[in-house]
Structures are given as C-alpha cells and as structure tokens.
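Notes follow the structure.
The values are calculated or read from the model by the stated rules, or taken from the named source; none is laboratory data. These figures come from a predicted structure and were not determined experimentally. When we count neighbours, we look across all protein chains shown, and the Cβ atoms used for this are built from the backbone with ideal geometry, even at glycine. What goes into the accessible areas is simple: the full protein's heavy atoms, side chains included, and nothing from ligands, DNA or RNA. Shrake-Rupley method; radii C 1.70, N 1.55, O 1.52, S 1.80 Å.
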Amino acid sequence: MFLDLPLDELHAYHPPVPEPPGFDAFWQRTLDEARTHDLDARFAEIDTGLALLSCYDAEFAGFGGHRIRGWFLLPRAAAGPLPCIVQYLGYGGGRLLPHDWLLWPSAGYATLVMDARGQSGPNRPGDTPDPAGYGNPGVPGKLTQGLLDPDGYYYRRLYTDAVRAVEAARGHDAVDADRIVVAGHSQGGALALAMTGLVPGLAGALIDVPFLTHIRRALEVTDAGPYGELARYFAGARGHIDTALRTLDHFDGLNFAVRATAPALFGTALRDAVVPPSTGFAAYHHYAGEKQLEVWRFNAHESGGGEQRVAELSFVRGVVG
C-alpha cells in the first residue's frame, strides 16, 4: 500500500528547514577538532583473486583520531588519476568483502568503501569499533546513542568519519581530487547528502532514499526500521523528547541540502515505510545544487535496485567522465 502523500502532493512538498541555532559553527568546530588528528591514511594491497582489480585494505583517522577501516579498489587497466566514488553504507552493516563492491571499479572508477563504526551484523560484517561508547541510556541500535547532546551523539562521529573518508580518497595518488562522487543508500544516502553540505568541491552525489532527513516528519508517519528506535525511546523518555529532537536537527539532511553545491541524483520509492517518500522529496526540493530525481512508484526501501544503479552510472559519467 502507499504509505505517504499522493505523488502530486509530493512534487509540491516543501516543508520548513529545521535549522538549529549555531548549526554551521557546530559543524565547523567538529571538523576542526577532527583535523587536529593526522589523517594517516594507509592502503595495504591484498590478494583477493580479482585479476582485473587492485584491492587495498584501507584505514584512516576519523572522529577523535579513531581508526576507520574500509576497502579501496582500483581497476588495473585504467590510467590515473581516476575519478573516485566514496561509498557509504546502510544502517547496521559493515564493509563486507572487496568482491561485494565491484560495480564502480568495474566501470573504471577508483572506489573507497567506508566501514561504519560500531555497525556490523551476521550477514554484513564490519571491522571498525566505536571507542566513544554509548553516552546516555538508549534502546538497542544507534539512533539513541548520545541523543541528549549533539556533541555526544553517535552520528556526529559517523558524519565526521565520512568527511575524513573523502579527505583520504583525495590524498591518494591514483585519485583525481577534483572528481570525487559520494554515494549511498538509506543511511549511506544520509551520509552522502550530509557531505554535500560539509565538503566543498565535490563533483557529484548519489543520494538514494536518504535516511535521517526531515526527521520530525518521519517520526510522524512511520515506526518502521531505525526510526522505530526513536519512537520506543520517546515512549519511556517522555521528559527528554524536545531535547532529543533539537539534537537530531543538527544531523537532519534538510540542513545540508540547503547548503549543497554538487550536482546530485536522488532516488525515492513511494512504498518505502523505512524512509517515507515525503522525507526524500523534501530533501530534493530544498537541495541547492543541480539535481535529478528518480521516482519508483511501486517499490519500497529497495528503491529502484539495479535500475537505480543504471541511472547512477549514467549520472556519474556525465559529471566526471
């Protein structure tokens, strides 16, 4: 069933932006603190049996100087420096294995896959711990970790890691620093969207069903997926709701969308209960850079699947060659 607004209303949906006081100063301070730590990006080549790709076990210093793992993949036959796709991950999953990320290097691009700190699962293993811990009491999952203070919130660390991943990619000799495209689905889409407002000079962004966007609206229309963690927390933490919402505003994709300059391709699905389509349309309408939108009318959180990837391949060829 359709879960949100009718399509004609979605095309006109333009809600207010929930910008908290001091938003830019908060993020400038956060990134300045991160950059006091040497990035110290390292790329150790490994044998994966993939004859056409060079594969590296990557790591760099993210938030707090914590070591963030990833994969760096290069097509052996391509002459560099190459455009690079910086790939961010969905909620609850880790970096998997190099052969799980063949699309972009097979298309001729360098690819840096950033592991998500403290996230992993039996079918989506990761290798990066989160040394900063939990902060205030919450419910299982990441959305309530440190939720009562923007400085201690889990996503402050993850968004900062994502900025540092772009910096690590830009510093590699095989990468053209002016041709970086950020990409992700769901939580990864949230990170890609945030990067368009935090990292100047990106060549493009692939923002598929972005999570953590128009968060207050999402909490009104869905209890599915990760947003349900917030609903369960608020059911018990009745006196902390307004404080928590103010924290979330510091991480809402709408605030990054209005600051974006990179060209972007969005994806949204009208039957998505995890990331309601009105939240994705809101980000698209507020997005300040050049933009395109793919709408999948009868799909859910998988979005357009392989067909979205086809659209992304065409988009990336258009922005970086």
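A compact table of results
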| quantity | calculated |
| --- | --- |
| Only one of A231, A169, A244 that is assigned to a helix (DSSP H, G or I), open to solvent by 20 Å² or more (accessible area, probe 1.4 Å) and out of contact with any Pro (no Cβ under 7 Å at 6 or more places or on another chain) | A231 |
| Flag for R69 being modelled with pLDDT of 95 or more, within 30 Å of A224 (Cβ to Cβ) and basic (K, R) | yes |
| Residue, nearest to Q187 (Cα to Cα), within the stretch 65-88, restricted to residues that are open to solvent by less than 10 Å² (accessible area, probe 1.4 Å) and hydrophobic (A, V, I, L, M, F, W, C) | V86 |
| Strands (runs of 3 or more DSSP E) completely within the stretch 37-133 that count 2 or more residues being in contact with a Ser or Thr (Cβ under 9 Å, 6 or more places away or on another chain) | 53-61, 67-75, 82-87 |
| Tally of residues being modelled with pLDDT of 95 or more, surrounded by 19 or more Cβ atoms within 10 Å (Cβ to Cβ), small (G, A, S) and more than 16 Å from Y56 (Cα to Cα) across the stretch 89-112 | 1 |
| Filtered residues of the stretch 199-228 (kept if among the acidic types (D, E), outside any helix (DSSP H, G or I) and more than 17 Å from the chain's Cα centre (by Cα)) | D223 |
| Only listed residue being within 17 Å of P15 (Cα to Cα), among the hydrophobic types (A, V, I, L, M, F, W, C) and without any contact (Cβ under 8 Å) to a residue 24 or more places away in the chain, chosen from L254, L248, L219, L212 | L219 |
| Those residues of the stretch 252-270 which are assigned to a loop (DSSP other than H, G, I, E, B), buried (at least 24 other Cβ atoms within 10 Å of the Cβ) and of a type outside the set (D, E), in sequence order | A260, A262 |
| Filter result (free of Cβ contacts under 8 Å to residues at least 60 places away in the same chain and touching a helix residue (DSSP H, G or I) at 6+ places or on another chain (Cβ under 6 Å)) within the stretch 147-167 | none |
| Top-ranked residue of the stretch 271-288 - restricted to ones that are assigned to a helix (DSSP H, G or I) and open to solvent by 10 Å² or more (accessible area, probe 1.4 Å), ranked as farthest from E9 (Cα to Cα) | H286 |
| Leading residue by the ranking (farthest from E19 (Cα to Cα)) among those in the stretch 289-316 that are open to solvent by less than 60 Å² (accessible area, probe 1.4 Å) and among the small types (G, A, S) | G306 |
| Residue within the stretch 67-81 that is under 24 Å from T30 (Cα atoms) and small (G, A, S) present | yes |
| Test set (1) farther than 30 Å from F281 by Cβ; (2) surrounded by 14 or more Cβ atoms within 10 Å (Cβ to Cβ) - L31 fails condition number | (1) |
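Matching residues to (1) in contact (Cβ under 8 Å) with a residue 12 or more places away in the chain; (2) on the phi < 0 side of the Ramachandran plot:
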site: G280; (1), (2): yes, yes
site: Y284; (1), (2): yes, yes
site: A288; (1), (2): yes, yes
site: W296; (1), (2): yes, yes
site: A300; (1), (2): yes, yes
site: S303; (1), (2): yes, no
site: G306; (1), (2): no, yes
site: A311; (1), (2): yes, yes
site: V319; (1), (2): yes, yes
